[in-house]
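Undergrad: Take a look at this one; I'll ask things after.
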Ligand SMILES: Nc1ncnc2c1ncn2[C@@H]1O[C@H](COP(=O)(O)OP(=O)(O)OP(=O)(O)O)[C@@H](O)[C@H]1O
Ligand SMILES: [Mg+2]
């Protein structure tokens, strides 16, 4: 390793998204600004939710943090290091917007894949526990093609959690779920997260989900994405589902919805 | 489920009907000499084929030809997969290998056969042509199959920190499997063509030799018997590969 760069070594943040912009060059040669300057710092053990209209660059930010894309401007550091080193050390958990399960593996083997890749022994007990947590006990030998969209998403969440990652990235993980299952999964995720306090970045379209799960909610503008609002969520942990019926929850939800809406009007 | 079963049953019935119709036509054309003297009745060919005194002749020819087909097939398969894997891992080799494969494929086997006879021997020329044919089909199928993994899956392997080799073993190879099995199916007739064509060029054994000598001596039932054996074997192997293909497609996609 090279000597730490003074700029690099000094931040106390777990994830430091430092004035990051992303421009894609399209096939026809035009360039598309997906993310304008986004400056977002996430503490160790903090849960941050990202809200914003479709196409504003939320997934792109997640992909930048996961080192799947390189920023065009600015830089990203995770624990003061290149984001790539995190995935290389098998310390990153990602649940993609499309579940990305391998069709030729059973549910169990899909969840066990990170163990194989990391060269670690498969912990069958942990797989069984996580399957229980995401409500898929009895499906360990099913194939992805035999599951519903929501079940596949839950498998991919279990896979993201399997190695006890230090950073968890969730891209609309509950998008394909019905309201009841979604609420149930929120409660479960909140519980798992409460036990392990993984530094997490969640992309969601649900204001309620963001408020229930996160310590901080960020609202982005329509494309090109910029941060337009950031609110700290005051609710104590562990949070019970009832918190969603309090007046404070409702007023925060209204505030976030309002922050989202003018952008939607401008985008159309 | 019921619907799919019924569809399958209809397919099967139509298939059997088609084959039956073909065989009846064969018999009728032969019986009324519609295509001249060189088109025998199916029943005559079958009687000739199953005549006990000729069993040894046909079995020996089948043994010789099918062992060449099998050896050429396996050799072409192994070389095709190995080369496809090699150019997939060491990408700069790919354009050269692609060009080599297409050039080899573009040369008619008829033109290559004399060279093989000189280089190798008459006996294995059929196998060598079969190997070349199979190699090309398998190489093309496997190289494209190895690139058929989706972006989502490649991203997954990146974020879980997979090495190149791990990704190759756990993603690229399984993703290539359906394409490979389709290639293996189309390589079957390619192997038969190669092996039998090779035997035409003066091999001392095999169905190809039977065909040539029957043709030269105007032994029409013998010629048709040899053709019938080769076609039936090729069709059966092709059918078996189709079943495997269906299974693999259901499982790997
Ligand atoms: N690889 C790429 N090449 C070109 N353009 C891209 C690429 N990836 C994303 N974009 C563009 O960047 C913009 C932001 O995309 P992104 O997927 O980040 O949006 P999002 O906020 O996640 O939307 P959604 O809520 O619908 O998932 C979009 O306009 C998209 O078309
Ligand atoms: Mg998205």
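Undergrad: Report the residue count in the range B:142-152 for those that are farther than 22 Å from residue B:90 by Cβ and either surrounded by 21 or more Cβ atoms within 10 Å (Cβ to Cβ) or touching a residue at least 60 places away in the same chain (Cβ under 8 Å) (or both).
TA: Qualifying residue count, the range B:142-152: 0.
Undergrad: Please list, ordered by first then second residue, the pairs with beta carbon atoms under 8 Å, 6 or more apart or interchain, first in the range B:238-253 and within 14 Å of chain A (Cβ to nearest Cβ) and over 22 Å from residue A:144 (Cβ atoms), second modelled with pLDDT under 95 and loosely packed, with under 12 Cβ neighbours inside 10 Å.
TA: none
Undergrad: If you go through the range A:187-230 one residue at a time, how many are within 16 Å of ligand 2 (Cβ to nearest atom) and either under 21 Å from residue A:39 (Cα atoms) or not assigned by TED's automatic domain parsing to the domain that holds residue A:52 (or both)?
TA: 14
Undergrad: When residues of the range B:28-45 are filtered for being surrounded by fewer than 17 Cβ atoms within 10 Å (Cβ to Cβ), part of a helix (DSSP H, G or I) and touching a helix residue (DSSP H, G or I) at 6+ places or on another chain (Cβ under 8 Å), how many remain?
TA: 2
Undergrad: Let me ask something else about it. Restricting attention to the range A:27-46, does a residue exist that is more than 14 Å from chain B (Cβ to nearest Cβ), under 15 Å from the mean Cα position of the chain (by Cα) and surrounded by 23 or more Cβ atoms within 10 Å (Cβ to Cβ)?
TA: Looking for residues that are more than 14 Å from chain B (Cβ to nearest Cβ), under 15 Å from the mean Cα position of the chain (by Cα) and surrounded by 23 or more Cβ atoms within 10 Å (Cβ to Cβ), one finds none in the range A:27-46, hence no.
Undergrad: Another question, if that's okay. With the range A:6-72 as the region, which strands (runs of 3 or more DSSP E) entirely inside it contain at least 3 residues that are within 12 Å of ligand 1 (Cβ to nearest atom)?
TA: A:15-25, A:31-42
Undergrad: Then there is this: Which is under 21 Å from the mean Cα position of the chain (by Cα), in the same structural domain as residue B:185 (by TED's automatic domain parsing) and closer than 30 Å to residue B:146 by Cβ, of B:97, B:83?
TA: Residue meeting the stated conditions: B:83.
Undergrad: Condition first: more than 25 Å from residue A:191 (Cα to Cα) and either outside any loop (DSSP other than H, G, I, E, B) or modelled with pLDDT of 90 or more (or both). Can you find one or more residues in the range A:231-252 that meet it?
TA: no
Undergrad: Which numbered condition trips up residue B:220, out of (1) within 14 Å of chain A (Cβ to nearest Cβ); (2) out of contact with any helix residue (DSSP H, G or I) (no Cβ under 7 Å at 6 or more places or on another chain)?
TA: (1)
The values are calculated or read from the model by the stated rules, or taken from the named source; none is laboratory data. As the structure is a prediction and not an experimental result, all values here were calculated from the model. With ideal geometry, Cβ positions are generated from the backbone for all residues, glycine too; neighbour counts draw on all protein chains shown.
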